[in-house]
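Notes follow the structure.
The values are calculated or read from the model by the stated rules, or taken from the named source; none is laboratory data. As the structure is a computational prediction, the values presented were derived from the model and not from experiment. Backbone-built Cβ (ideal geometry, glycine too); neighbour counts: all protein chains shown.
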Amino acid sequence: MIQLDNNKKLYSSGNALFFSFIKRSRLKLFISVIAMLISSLGMLLPAIFVGSSIDILREEGLGQAFISETLKILAVGVLYYIVTFYAFYTYMTLAFSYERDIRQEYFDRIQKHSLTFHDENNSSKLLATGMTEISQLRTGIMPAARGIFQNIFQLAFALFFIYRATDLYKTVIALSGFILYYIIAIWQSKKIIPIREKLANTVGSLTEESQEIFQGIEVVRSLKSTRREVQKFRKTSSEYAELAKTEGQMSAFYMPNLIMLVLTAVLFALTLIDVTNGTISLGAMLQVIGLLLTIQLSSLMLPNMFLMINAALTNANRIWEKMNWIDPVPDKIIENEPEVNWEGDIVFDNVTFNYGSDKRPALKNINLTIPANSKIALIGGPGSGKSTFLKLLLQLYLSTEGAIKISGINYKDISAREVRKNVSRVEQEIFLFSGKIRDNIGFAKVEATDEEIIEAAKAAQAFEFIEKLPNGIHTVIGERGVDISGGQKQRLAIARAILADPKILLLDDSASALDSKTEALLRLALDNLSRDRLTITVTQRLNTLVKADMVILLHKGEILDHGTHKELLARCQSYRKIFELLPESEQIIAGGIEQ
C-alpha cells in the first residue's frame, strides 16, 4: 500500500494557516489576553480618576480625597506599564514562535516537493515568500491582531464608563459611531489589498533580479552590461516605489479618522449641554471626553493594523498554495516496501517522460535492458535526453508512461529515500555549499570521519590540492565553490559520490573540466570504484566509449542504437559521424584502442 503523504494538505486553507497561531500555545495566549484586558482597563482609568478628581476639587477643595484620587492615577499608571509589558512580552514571544514554526513548515514542505515544482517556481520568489511574506504573517498577529483586540477591549470598557457617566442615549451614539468607524476602516483597507498583492509580486521580482545579477556578476561585467542591469533593476524598483506611494496616498486620506473627530465633537456638545442643565457634573463630562480621546489615540494605528491583517491573510493564502501544491511525483511512504537487489538488471519498459504536458517528450519509447555491474556510456547531442535518463534513475522524476524496473521491481514501488541511498550522481553543473570542504565531501554521509573524508578525496585525486590549502579539509570555501577551479569542484563532487558508496553510480560528463594528467589518475580511481557496481556515464570521451560494456546513442529522446563501441562503429552511421568529429579519434585509431 502506497500513501501519498506529501500531497496531504497542511491546513484546510490559507486562513486556517494564519489562525493556527491560536492553537499553538493556548495557555500563553490565554494569559496574554487576560493581561491585555487588564492593560486596556488600565489605559482608561486615568480619564475616570481625572474626572472624579475635578468633581472632588470643586466640592471639597484641595484635600485628602483629592490627593487620594491623584495617587490612584499614579498607581494605575505604574500597574498599567507592568501589565502592558507582560502582555506585550507574552504575545510577542507567541508571534515570533509562530513565525519560526511556519517558516520551518514551509521549508520542510518545499524541500519535499519534486523537481517539477522547482521547474515551475523561481527560487528567488520562493525565497522571498519564505522570508518576507512569512514575516508579514507575524506582523498580522503582532502588532496587528493584538492592536485590534486591545482596541475592542478598550471600546467595551469605554462604552461601560460612558454609560455610567451619562445615559443610554449617548452610549448608543458612541457605539454607533464606533461601529461605523470599523465598517469604513475595514472597507477601505480591503481596497488596498490589490496594491499589497502587487507589492508582494514586485518584491519577488526584485529578489529574483538582484540574485541573478549577483550570481552572474562575472558575466555582467565581462559583457559590459552593468549599466543595462542597473537600469533594469531601477525600473522594477521604481514600480515598487510607485505602488508604495499609491498605498501611502490611500492610507493618508483615511476617512474613518474623520468619523472619530465628529463623534468626539458631538458627544462633547451633548455632555456640555447636560453640564449646563445640571444633569451631569463637569467631572463626568471630562470623563467622557477623556475616554473618547484615549480611544481616538489608540485608534490612530488601526488603519495600519487592518492593512497588516489583510496583507497577512493574502500572504497566508499564497504561502498555503506553495505548501499544498499538488505534487505529481510526491515522496512516498510505502508500507511493506519490497527488498530490492540493487545489483540486478535495470529494465526500461517502453518509458516515456516529459517535463510538462505542453512540452515534447524528453525521452520517448525507451526499451532497454542494462546488465548488472556493467559500464554504460550515454552519448548524444544537446537535448537528446541524457541528463533526463539519469534523473529518472535517481527518481528525481517518475516516468510519464511505461516503467523502470530493477531486479523486476517497479521504480514507482520504491521510496525516493531508498533509491537515493543506493544511487548517486556526479552532476554536470557542480554545486558546492558555502562551508568547509569536509562538509561538502561528507554531505551524503554526515557521520563520516576525517580519515574517510581524506580517503575519498585521495580516490578522487582531490587530496593533492586540498592538503595545500591553509586548513586542509577544514578550509572554508565560498558560495558555489567560488574560491576553487572548475576541475577542483568536479573532483570534490566525485569524492562526495565515492564517500556515498552507491550501488549504482551516475556520472554526468564529470571529467569535462579535468586536464589530461588528472583525468588519467581519476580514471584509475573510477575504474576501481566502479569494478563491482553499475556505472552509467554521460560522456564525449573516447576512452570511456571504448571501454564501455554498452554505448547508448540518444537522439531527441529516442534510442538510435546501442551496443559496444566496436559494434556501433561498424553498423551505425550516426555514431560513426560523432566518432569522427571527436578530437581524440585519430589518436585512438592510431593506437588501435578500438580494436
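As a summary of the residue check, Arg318 satisfies the conditions (1) charged (D, E, K, R); (2) under 30 Å from Gly248 (Cβ atoms); (3) at pLDDT 90 or above except for the one numbered (3).
In this structure, is Leu514 touching a helix residue (DSSP H, G or I) at 6+ places or on another chain (Cβ under 7 Å), modelled with pLDDT under 85, under 21 Å from Ile437 (Cβ atoms) and crowded, with 19+ Cβ neighbours inside 10 Å?
Values: touching a helix residue (DSSP H, G or I) at 6+ places or on another chain (Cβ under 7 Å): yes; modelled with pLDDT under 85: yes; under 21 Å from Ile437 (Cβ atoms): yes; crowded, with 19+ Cβ neighbours inside 10 Å: yes.
Yes: the conditions hold for Leu514.
Being in the same structural domain as Ile141 (by TED's automatic domain parsing) and either over 30 Å from Gly290 (Cα atoms) or at pLDDT below 85 (or both), is that true of even one residue in segment 40-50? No. Note on segment 389-435: residues that are modelled with pLDDT of 90 or more and part of a strand (DSSP E or B) total 9.
Here Val220 meets each of (1) at pLDDT below 75; (2) surrounded by fewer than 17 Cβ atoms within 10 Å (Cβ to Cβ); (3) not assigned by TED's automatic domain parsing to the domain that holds Met285 with one exception, condition (2).
If you go through segment 276-321 and keep only what is closer than 23 Å to Gln154 by Cα and hydroxyl-bearing (Ser, Thr, Tyr), you end up with Thr294, Ser298, Ser299.
Checked against the criterion of being of a type in the set (S, T, N, Q) and at pLDDT 90 or above, the candidates Thr116, Thr166 yield just one match: Thr166. Against the conditions (1) in contact with a Gly (Cβ under 7 Å, 6 or more places away or on another chain); (2) at pLDDT 90 or above, Met305 satisfies every one except (2). When residues in segment 26-69 are screened for being of a type in the set (D, E, K, R) and surrounded by 14 or more Cβ atoms within 10 Å (Cβ to Cβ), 3 of them pass. Taking helices (runs of 4 or more DSSP H) as the structural unit, those lying wholly within segment 121-177 and holding at least 1 residues that are closer than 26 Å to Gln287 by Cα and in contact (Cβ under 8 Å) with a residue 60 or more places away in the chain correspond to 146-165. The combined condition, being outside any helix (DSSP H, G or I), buried (at least 18 other Cβ atoms within 10 Å of the Cβ) and in the same structural domain as Thr139 (by TED's automatic domain parsing), is fulfilled by Ile280.
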